[in-house]
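Read through the structure below, which is laid out as structure tokens, and then see the notes.
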Amino acid sequence: MLLPSLYGLHRDGMLPVDFRLLGTARSELDDAGFRDSVRTHLEKRVPANERDPANVASFLARLDYQAAAIDHPQSAAALTDRIKSLRRGDVLYHLSTAPRFYAPICALLGAAGLGNAGTRVMLEKPIGHDLASAIAINDGVTAHFDESRVFRTDHYLGKEGVQNLLALRFGNAMFEPLWNARHIEQVQITVAETIGVEGRGDYYDTSGASRDMLQNHLLQLLSLTAMEPPSQFDPSAVRNEKLKVLRSLRPIGATEIATHSVAGQYTAGAVDGVAVPGYRDELGRASSTETYIALRAHIDNWRWSGVPFYLRTGKRMARRTTEIYLQFRSVPHSIFAGSGAAVEQNALIISLQPEERIELRLMHKTPGLDRSGLKLSQVALDLETSDAFKQAPRRLAYERLYLDAIEGNGTLFVRRDETETAWQWIDGILDGWRKQNVVPKNYPAGTWGPSSSVALTERHGHSWRE
Ligand code: BG6
């Protein structure tokens with residue numbers, strides 16, 4: 001996603017005129033070798049109609065490469081020398097590597113005098129694997145780059161649909177008065193994937209769905225859905241409100257996990273009619289890592305008191321979908337009860353993937369002259385973004401994120417306190433699982449998770465949307 005995004009910004013003239021990119025990794029490549037590998041990569045990743053030879057050539061001309069290994073002092077010094085020789089103005093260091101290297105890399109840059117004003121650092125998730133490791137990484141990074149110059153990515157925040165959640169909530173007058181426990185009965189946030197671990201088993205097995213998806217993407221979606229209106233769309237105002245939501249999450253620990261959480265792991269099955277192996281077969285060894293997690297969460301504040309937020313994410317599920325579902329409460333009294341017409345609850349569905357759409361479920365008179373009285377049907381007011389904005393090209397999440405990081409705007413990046421608060425909550429759940437010896441329940445690939453996830457909602461009179 002990274003190089004195609006930078007290419008997209010270059011093609012559309014959105015990068016600063018004197019922009020240069022210096023790639024670095026352990027691989028021994030020279031500038032020409034790096035440019036060749038980027039060209040091959042772009043050919044695979046960027047659709048042919050968005051890639052013309054002149055633009056690709058002018059993009060490649062902006063790239064350089066320096067091989068380096070952080071644990072090899074000479075090559076590390078060669079890297080910092082190269083940065084100094086190329087530097088003309090601001091520098092954005094994007095660390096897309098294992099998080100254990102973040103602090104040492106920042107220390108290297110700091111010691112070389114390359115962490116001063118005008119420099120920023122962009123970090124990929126995960127920031128550590130628990131609260132303690134996140135604090136250690138954040139301490140190491142902020143010793144050289146103050147927080148305002150640290151840009152922690154969560155690529156979900158770069159997605160159009162996620163930003164549109166803010167537009168929907170705070171650009172319209174009609175939703176906000178209903179956006180609370182008086183009118184909303186339950187909320188479901190689903191991030192379901194059909195892919196497996198795709199050759200990333202070694203990373204994924206130490207992580208699982210809770211650390212890989214829940215700690216970051218789902219909790220970001222939850223924060224944006226549940227937060228109070230920020231006074232303006234700026235980094236402090238938005239992140240302060242998200243943080244309040246995370247701090248209001250009721251802990252789920254050893255005594256709650258049996259009733260509030262479900263862990264699952266996929267076994268062999270079929271996705272879209274194609275047979276796929278189970279997680280352990282993909283990994284090549286036994287494992288008790290969860291590839292699915294579902295939770296019943298609560299936000300203990302005035303707005304959301306008593307409203308369950310059901311969260312779930314998993315790999316090898318029945319269908320790829322990312323959506324937020326808000327079910328409204330029933331009408332207080334049905335005037336149609338006499339004719340036997342059922343009044344179903346209204347719902348708002350905000351789909352982010354695979355397509356962006358917003359659907360409002362309403363009750364409507366069923367047309368006709370029924371003698372026994374009025375009949376009702378549920379219909380949807382349905383807005384598909386691709387229809388409404390036909391001309392707008394679909395942008396990659398990282399295009400937005402790079403643009404903002406280059407311009408120093410942190411609104412769509414995760415602040416230190418957010419990531420640490422999220423880890424604290426996740427640590428409680430994982431600790432609860434450990435104390436209660438929770439082992440993930442099996443679910444066949446291509447289904448909606450273990451059967452016990454049904455009980456998580458049905459116990460409270462709710463059902464997952466499928
Ligand atoms: C990443 C996770 O952060 O998000 C992956 O590490 C996951 O495991 C991916 O597949 C999902 O992103 P998207 O944009 O495809 O929903």
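What follows draws every value from the coordinates through simple rules; no lab data is involved. All figures in this text were calculated on a predicted structure; none of them were measured in a lab. Cβ placement follows ideal geometry from the backbone for every residue including glycine, while neighbour counts extend to all protein chains displayed.
Among the hydrophobic types (A, V, I, L, M, F, W, C), under 19 Å from L95 (Cα atoms) and surrounded by 15 or more Cβ atoms within 10 Å (Cβ to Cβ) - does that describe any residue in the stretch 49-62?
There is no residue in the stretch 49-62 that is among the hydrophobic types (A, V, I, L, M, F, W, C), under 19 Å from L95 (Cα atoms) and surrounded by 15 or more Cβ atoms within 10 Å (Cβ to Cβ).
When you scan the stretch 189-204, how many residues do you find that are in a loop (DSSP other than H, G, I, E, B) and near the ligand (Cβ under 8 Å from one of its atoms)?
5
Scan the stretch 302-348 for residues that are of a type in the set (S, T, N, Q) and in a strand (DSSP E or B) and report the count.
4
If you go through the stretch 344-371 one residue at a time, how many are away from the ligand (no atom under 16 Å from the Cβ), of a type in the set (A, V, I, L, M) and in contact (Cβ under 8 Å) with a residue 40 or more places away in the chain?
3
Is there a residue being surrounded by 16 or more Cβ atoms within 10 Å (Cβ to Cβ), over 19 Å from the mean Cα position of the chain (by Cα) and within 20 Å of W448 (Cα to Cα) anywhere in the stretch 308-318?
Within the stretch 308-318 (the criterion being surrounded by 16 or more Cβ atoms within 10 Å (Cβ to Cβ), over 19 Å from the mean Cα position of the chain (by Cα) and within 20 Å of W448 (Cα to Cα)), the answer is yes, since at least one residue qualifies.
Which of the residues that make up the stretch 285-317 are in contact with a strand residue (DSSP E or B) (Cβ under 9 Å, 6 or more places away or on another chain), more than 16 Å from the ligand (Cβ to nearest atom) and of a type in the set (A, V, I, L, M, F, W, C)?
Hits for the stretch 285-317 are A294, L295, A297, I299, W304, V307, F309.
How do the pairs read when you match residues in the stretch 391-420 that are over 16 Å from V162 (Cβ atoms) and of a type outside the set (D, E, K, R) with residues anywhere that are in a loop (DSSP other than H, G, I, E, B) and within 16 Å of the ligand (Cβ to nearest atom), using Cβ under 6 Å and keeping only pairs 6 or more apart or on different chains?
Going by the 6 Å Cβ cut-off, the qualifying pairs are T419/I127.
Taking the condition of being touching a strand residue (DSSP E or B) at 6+ places or on another chain (Cβ under 9 Å) and either at positive phi or within 16 Å of the ligand (Cβ to nearest atom) (or both), how many residues in the stretch 152-174 meet it?
Total satisfying the criteria: 11.
What is the one condition in (1) within 25 Å of M14 (Cβ to Cβ); (2) under 28 Å from the mean Cα position of the chain (by Cα) that I127 does not satisfy?
Exception for I127: condition (1).
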